[in-house]
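Enquirer: First, the structure itself, so that you have it in front of you.
The values are calculated or read from the model by the stated rules, or taken from the named source; none is laboratory data. No experiment lies behind these values; they were computed from the predicted model shown. Here the Cβ positions follow ideal geometry from the backbone for every residue, glycine too, while neighbour counts run over all protein chains shown. Each accessible area value is taken on the protein alone, full model and side chains, heavy atoms only, with ligands, DNA and RNA left out. Shrake-Rupley method; radii C 1.70, N 1.55, O 1.52, S 1.80 Å.
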Amino acid sequence: MVDLSSYDRKEITLTRTKIMQISTVSKNLLLLVLVLSLLIPAIEAQKPTYWYHDCPNNTTFTVNSTYQANRKTDLSSLSSNSTHGDGFYNTTAGRSPDMVYGLFLCRGDLSTSVCQACVTFATTDISQLCPNQTTAVVWYDECLLQYSNRDIFSTVAEEPAVRLRNTQNATGTEIPFDQLVAATVVMNMNDIKTQTENKPKGSKKFATRETKLSSFQILNPFLGRTPT
């Protein structure tokens, strides 16, 4: 007579082993998904590349003043609206004489998520860089953010500005590189400007033009502007 109970025990043991194996795989997959879900926001939330900031000390506000409260509200509004599709937003907070004007502009070739990360970081960073200045602007490779106690909307201003220098030497061109760059920018800027002006309302005012300087050197002048 065959003892079936021993087979039943073996079957049960094998079944339990398979269930444990499946459970282990499921746990590993779940852990992998959780790790990836944590990594993706961290990658997108990387610090933007800082360039420069300007906050003159000739006009300041006192701690816990109405202007400081309005600045906080204005910066918070900029951060909340950093997902605008055209990469630009401006807003005001408070009333004169304590009204705060604020705006941001992101590079036109960047995604909404990168723009949002830059603006969100900038709204905190500018308060630390310029703790009690009534006017300030900070530039990053990905965006710029500015606030002021005077109207800065739809106005042309050459200052404040940031000028960056590349200290590396350029070779392989008969004409001095700085002259070559200047000539290339002048030749292409009108065309680039026209491209941005012809963009439909609500789109990013951004254009670029690739220019081949030599067999191994390419110059990419680009222009970004606030929507009209």
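Enquirer: Only residues that are open to solvent by less than 50 Å² (accessible area, probe 1.4 Å) and either outside the structural domain of residue 83 (by the TED database) or not hydroxyl-bearing (Ser, Thr, Tyr) (or both): list them for the stretch 99-110, please.
Expert: Residues satisfying the conditions are 99, 100, 102, 103, 104, 105, 106, 108, 110.
Enquirer: Of the numbered conditions (1) modelled with pLDDT of 95 or more; (2) open to solvent by less than 90 Å² (accessible area, probe 1.4 Å), residue 42 fails exactly one; give the number of that condition.
Expert: Single failed check for residue 42: (1).
Enquirer: Quick check on my filter: what residues within the stretch 130-166 are open to solvent by less than 40 Å² (accessible area, probe 1.4 Å) and charged (D, E, K, R)?
Expert: 142
Enquirer: Can I ask one more? Determine which member of the set 127, 113 is more than 23 Å from residue 64 (Cβ to Cβ) and part of a helix (DSSP H, G or I).
Expert: Only one candidate qualifies: 113.
Enquirer: In addition: Taking the options 113, 127, 96, 80, name whichever one is open to solvent by 20 Å² or more (accessible area, probe 1.4 Å), of a type in the set (Ser, Thr, Tyr), farther than 20 Å from residue 224 by Cβ and touching a residue at least 12 places away in the same chain (Cβ under 8 Å).
Expert: Unique residue meeting the criteria: 127.
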